[in-house]
Each structure stands twice: as structure tokens, then as C-alpha cells.
Amino acid sequence: MTAGHVRVLVTSIGGHFCYEVVDALRRAPDFSAFVVGVDADPHARAWHVDAFAHVPHPDASEDAYLTRLLEICDQLRVEVVIPLSEAESRAVAGARRRFEERGIVASVSAAEVVFRMTDKGTMFEHLEANEVDVGPWRLVGSIREAGKALEALGYPARPVVLKQRRGSGSRGIIIVDAAVEEFTPLLPDRFCGRGAWTAVRDELHRRGCLLDAYLAMPYYGSHVFDVDCLAREGSPMLVVPRLRQYINPLSPVNEGCCVTRNDAIERYASTLTQAFSVDGVCDFDVALSDDGRPRLLDASCRLSGSVGAAVAAGVNVPAELVRLLTKRPLLESQPPAAPIQVRPVPRFVRVR
Ligand SMILES: Nc1ncnc2c1ncn2[C@@H]1O[C@H](COP(=O)(O)OP(=O)(O)O)[C@@H](O)[C@H]1O
Ligand SMILES: [Mg+2]
């Protein structure tokens, strides 16, 4: 590693808002970044990187993915690897030693931390075992069990969420709400919707959906924060709450947010990074319940796809992450004292 220069590889480089991650690295005042972008799509829009390489999808073969990724790292003398997708985070975490042997540091925590977060059931079990208050929840293994869990969680007086233990991108999220008579889909391209239990049950039967690896928890409404966190061996180094301002509360893509300090959310996220022993970066979805208690909805051991929202509000999380990983002093960024509202727009970049 040369003093003011870092060679960083960012995966899923064609993803939504990836431009912001690369741009944030380029804007660091204390180092210059050579950015390698990789993607499973050979036609990914990677106009903004110094070098682009195509990789196989880790879901097709984790071995083939890792072999190619390491080959690229060797060829381009990569020093830092930042996976931006769930499957890539798991693959890289499982092979952390192979990266370390080459002097490469990855932004993901140890494999057991990443796997624990992948399954929301083991995630809640682990947190409860570590005395973190996650509120009421039930494991669900069938439609019958879902009926019982709904009752235990206060349905029909209160709405309840059913969700896959190992889901992603709001796939299979069902808000069971007695006030909504008919089943109402909430996203056009994936199963996700809202309705009273009788209507939901009919829809599940119609789709042949068994709810065999689900969990149930109260529906906390749309007061939801994305929380960007950096931690060193469990100790929180930076926590940035972003309150979502969505038109569709279940949108899998960020529609805008308000970046703001929030003591309760910051304290809760710090407790979570400690309980999980996060080492690197992670991203939590946290709701505030009606009585003001933070409630974890989801966690992942990677830089959030929408971290650019924090950058636009003046908190350069990707640059702080590189400092953390390369043992440079952090600039000790903080969330803005007064709330800053940000919205996403597409943009042009000059390539020649
Ligand atoms: N209990 C809940 N209360 C309110 N909203 C929820 C709840 N569970 C999930 N959601 C909403 O659904 C989205 C997707 O759920 P999440 O648990 O993050 O699953 P995924 O793994 O699909 O991202 C969340 O970001 C949030 O907007
Ligand atoms: Mg989520």
C-alpha cells in the first residue's frame, strides 16, 4: 500500500446508486482511489470506474466466483474488497482467509456473523441470547402456524408482518391487516402484499406458498430507518440513521430519506453492532414502534446500496470504511446535526 493511494474493488458495480459509492471514494481528501468494478452482468453500466471485469454469479458457483475474483485482485493488485450484494458478502466472508493471505482486506465480518444475519430467525435468536430487545416475534413453519402466530401477536386488533427467514428485496413480505379486506399486491414484479388473514390465506393457497420458512412480527408502520454502521471488532465507529421518505413503504429501492441524528436509533444500532461483533460495515433496517422503541427488521453485512444518501448529506461512509480497513485515521464523520433531506436522480458522467 502506498501512503496516499488505495486500490479498491467494488462488486455489483452496475447496481442502483453505485455511482455514488465510487464518487464518494474519489472525493476522499486524504487518499486517492483506483477503483475496480466487477459485475455478473458483462454489460453493467460501469462507466465510472478505472477498470471493469465480469465475474460469474456467486449463486451459480461460489467457487468459480471466488476464483475469478481473486484472479482479478491479483492482476490489478487490489488491496480492499467491498461487496455490495448479499450473495457476494457471504462468498467473500466464507473465504476471508484466502483474501487475507494475499494482504487483501474485505469489508465483511467473519462468516458466522454474515450467516447469522442472513436468516432472520437465527438473527433474532442470537440477539435475544445477547439480551437485546427485539420485541415479540414467532417462527412460522406452515400456514396453520402462521394463524396461531397472528393470534399471539394481537391480530386482528393489530396488523402483523409475515416474512421469509431468508428473503431479500421485500420478496414474500405479507402485511396481514384486518382493515384490508382484499389481498392487495404491493410490488409489481414480486410476491409482496397486504390483506386480511382470510384473503391472504386464499392467495397463499392459490400460489402454492406453504410459509415453511417464515417468521411473524408486529407491523410497525412506515417509520423506518436505514442505518449505515461501521465497526471495529464490534465497537461502533460510525452510525448514520436515514429516515425513509417513501411513496411505497415496501419499495426495495430507496426513494429518498432524511439523514438525521437520532439518539434512540444510534444507541440501538450500536448495541446491535456489539451483539453481532460486526467488523467492517453493516446495514440495519430499524423501525420505531408507536411507543418509540427501536425494532430491528433486517440486517446485512455490507455497505447499503443506498449509502449514497448519507454521502449526499455530507457523511462519506465509503471513504471512512476504506480508512477503517486500511488502518488510516478516521475523519470521525458524524450524522448532520440538523436533518438533511435527500432524493435520488439519474445522472450523466463524462467518459472521454
Ligand atoms: N415488522 C415490520 N414493520 C414494518 N415494516 C416492515 C416490517 N418488516 C418488514 N417491513 C418492511 O418491509 C421491508 C422488507 O422487509 P425486510 O425484513 O427488510 O426483508 P428483506 O430481507 O426482503 O429486505 C422493510 O424494509 C420494511 O420496509
Ligand atoms: Mg431489508
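The values are calculated or read from the model by the stated rules, or taken from the named source; none is laboratory data. The structure presented is a predicted model; accordingly, all values stated were derived computationally and were not measured. We place every Cβ from the backbone using ideal geometry, glycine too, and count neighbours over all the protein chains shown. Surface accessibility is based on the protein's heavy atoms, side chains included, excluding ligands, DNA and RNA. Shrake-Rupley method; radii C 1.70, N 1.55, O 1.52, S 1.80 Å.
Residues with beta-carbon under 14 Å from that of Arg261, excluding Arg261: net charge, scoring Lys, Arg +1 and Asp, Glu -1? Before the final figure, lay out the partial values.
Working: positive: Arg242, Arg267; negative: Asp228, Asp263, Glu266.
Result for the local shell: -1.
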To the nearest 20 debye, the stretch 75-194 has a Cα-centred charge dipole, built from +1 on Lys and Arg Cβ and -1 on Asp and Glu Cβ, of 360
In units of 2.2 N^0.38 Å, the Cα radius of gyration of the chain is 1.00
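In the stretch 62-115, which trypsin sites (Lys or Arg not before Pro) fall in coil by DSSP and have 14 or fewer other Cβ atoms within 10 Å? Could you put the intermediate results ahead of the total?
On the way: sites: Arg68, Arg77, Arg90, Arg96, Arg97, Arg98, Arg102; in loops: Arg77, Arg102.
Those satisfying the criteria are Arg77, Arg102.
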In degrees, nearest 10, the alpha-carbon axis of helix 197-207 is tilted away from the dominant principal axis of the alpha carbons of the chain by 60
Expressed in angstrom and rounded, the centroid-to-centroid distance over alpha carbons for the stretch 105-158 and the stretch 311-352 is 31
Among Tyr214, Ile173, Phe124, the residue whose Cα sits farthest towards the positive end of the charge dipole of the chain, when +1 is placed on the Cβ of each Lys and Arg and -1 on the Cβ of each Asp and Glu, is Ile173
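Kirkwood Rh over alpha-carbon pairs of the stretch 221-342, then Stokes-Einstein at 20 °C and 1.002 mPa s: what D in µm² s⁻¹, rounded to an integer?
On the way: Rh = 14.2 Å.
Translational diffusion coefficient: 151 µm²/s.
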Toy charge model, Lys and Arg Cβ at +1, Asp and Glu Cβ at -1: the chain dipole around Cα centroid in debye, rounded to 20, equals 560
The percentage of Cα-Cα pairs in the stretch 281-347 separated by more than 16 Å is 61
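In debye to the nearest 20, how big a dipole does the stretch 46-139 give about its Cα centre with +1 on each Lys and Arg Cβ and -1 on each Asp and Glu Cβ?
On the way: 10 positive and 17 negative charges, 28 e Å.
Rounded to the nearest 20 debye, it is 140 debye.
Can you give me the % of accessible surface on the chain that is carbon or sulfur? Probe 1.4 Å, all protein chains present, nothing else counted.
Details: 7920 of 16100 Å².
The nonpolar share, carbon plus sulfur, comes to 49 percent.
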In the chain, taking the dipole from +1 charges on Lys and Arg beta carbons and -1 charges on Asp and Glu beta carbons about the Cα centre, the listed residue (Pro185, Val114, Leu9) farthest towards the positive end is Leu9
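What does the accessible area per residue of the chain come to in Å², with a 1.4 Å probe and no ligands, DNA or RNA counted? Provide the component values of the computation, followed by the final result.
Working: 16100 Å² over 352 residues.
Dividing the accessible area of the chain by its residue count gives 46 Å².
Using helices alone, what [θ] at 222 nm do you get for the chain, with -39,500 (n - 2.57) per DSSP H run of 4 or more residues, divided over all residues and rounded to the nearest 500? Don't jump to the answer; show the numbers that get you there.
Values: 11 runs with 104 residues, N = 352.
Value at 222 nm, helices only: -8500 deg cm²/dmol.
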Most fluctuating of Val134, Val322, Val180 in the GNM of the chain (C-alpha, under 10 Å) is Val180
Nearest 10, in degrees from 0 to 90: the angle of helix 62-75 to the longest Cα principal axis of the chain is 30
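Could you check what % of the DSSP bridge pairs in the chain are antiparallel, to the nearest 5? Walk me through the intermediate numbers first.
Values: 41 of 59 bridges.
Counting only bridges with both partners in the chain, antiparallel ones make up about 70 percent.
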Taking Cα atoms only, helix 263-276 is inclined relative to the longest principal axis of the chain by an angle, in degrees rounded to 10, of 80
